[in-house]
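For reference, the structure is listed below as structure tokens.
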Amino acid sequence: MAASKIPDWFSAELFEDVLKSSVEGYSKVRSFKAESGSAAGDNYATIMLRVNIEVELQDGTTKQVSYMVKLPHQNDVYKEMMKHTNIFEIERTMYNEVVPEMEAIYRAAGVEVTFGAKSYDLRDAKSEYIALEDLCTKGFKNVNRLEGLDQAHTERVLRKLAQWHAVTAVRIDTKGQYPEIVLKGFFKEENKPMMNEMMNGMGQIFLKCCATYEESPKTSRN
């Protein structure tokens, strides 16, 4: 990722509290590196960073840790959208409040279910952000979006979606309505002009791509 995509204020000091709470025996940071956390085309709504940190432990040994961080784009269209719909605040509410409640409901029923990565608070961040554990350290990876999932992983995803669907209803039944911020979607009247601008551009690109598909009307022999 180009260095210009990484803000000047994005430094190791942001992670001091995170490291103290998540790395046993943490002493200090030895090295800090932020780089692109997604391949071209895999993420467009935010700037995705993978943060690699070498830490020194209290016994003198070192350890490599990593985190994923989402940051907002700085173009005018994105800034205007954030005025009406702060997607970072919505997502942070889900990670910090709603998801833990859902996992606790399953735990109370004797079932351990995890719906996502751990979320962290950064110290003195100068913009909106989402800071998460790096699930690659647990063996997860992004699937090739053009190839899709195989049978086994598709079944796992459907099972997880079913668990999510069930607990969302139980959550309302036991705790009442969800926080107001997560009830209002992105597609609302005040965002319509911006969405029209975005979709018109994306629509033209989509149509050009459709013509290259093997079974498209333009290329099909049938």
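The values are calculated or read from the model by the stated rules, or taken from the named source; none is laboratory data. Bear in mind that the values here come from a model prediction, so they are computed numbers and not experimental data. All Cβ positions, even for glycine, are placed from backbone atoms using ideal geometry, and neighbour counts span all protein chains on display.
The table below lists the values:
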| item | result |
| --- | --- |
| Total residues in region 73-98, condition under 17 Å from Met195 (Cα atoms), in contact (Cβ under 8 Å) with a residue 12 or more places away in the chain and not hydrophobic (A, V, I, L, M, F, W, C) | 5 |
| Qualifying residue in region 65-72 (condition: in the same structural domain as Val167 (by TED's automatic domain parsing), over 22 Å from Gly37 (Cα atoms) and crowded, with 16+ Cβ neighbours inside 10 Å) | no |
| Selection from region 125-155 of residues that are touching a helix residue (DSSP H, G or I) at 6+ places or on another chain (Cβ under 7 Å) and acidic (Asp, Glu) | Glu128 |
| Those residues of region 66-91 which are in a strand (DSSP E or B) and either over 18 Å from the mean Cα position of the chain (by Cα) or closer than 19 Å to Phe187 by Cα (or both), in sequence order | none |
| Scan of region 101-157 for residues that are assigned to a loop (DSSP other than H, G, I, E, B), within 18 Å of Leu19 (Cα to Cα) and within 13 Å of the chain's Cα centre (by Cα), ordered by number | Ala117, Lys118, Tyr129, Asp134 |
| Residue in region 79-100 that is on the phi > 0 side of the Ramachandran plot, assigned by TED's automatic domain parsing to the domain that holds Pro179 and at pLDDT below 95 present | no |
| Qualifying positions in region 146-185 - at pLDDT below 90 and surrounded by 10 or more Cβ atoms within 10 Å (Cβ to Cβ) | Lys184 |
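Yes/no per residue for (1) assigned to a helix (DSSP H, G or I); (2) more than 30 Å from Asn144 (Cα to Cα); (3) of a type in the set (A, V, I, L, M):
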{"residue": "Pro7", "(1), (2), (3)": "no, no, no"}
{"residue": "Phe10", "(1), (2), (3)": "no, no, no"}
{"residue": "Glu16", "(1), (2), (3)": "yes, yes, no"}
{"residue": "Ser21", "(1), (2), (3)": "yes, yes, no"}
{"residue": "Glu24", "(1), (2), (3)": "no, yes, no"}
{"residue": "Val29", "(1), (2), (3)": "no, yes, yes"}
{"residue": "Lys33", "(1), (2), (3)": "no, no, no"}
{"residue": "Ala40", "(1), (2), (3)": "no, no, yes"}
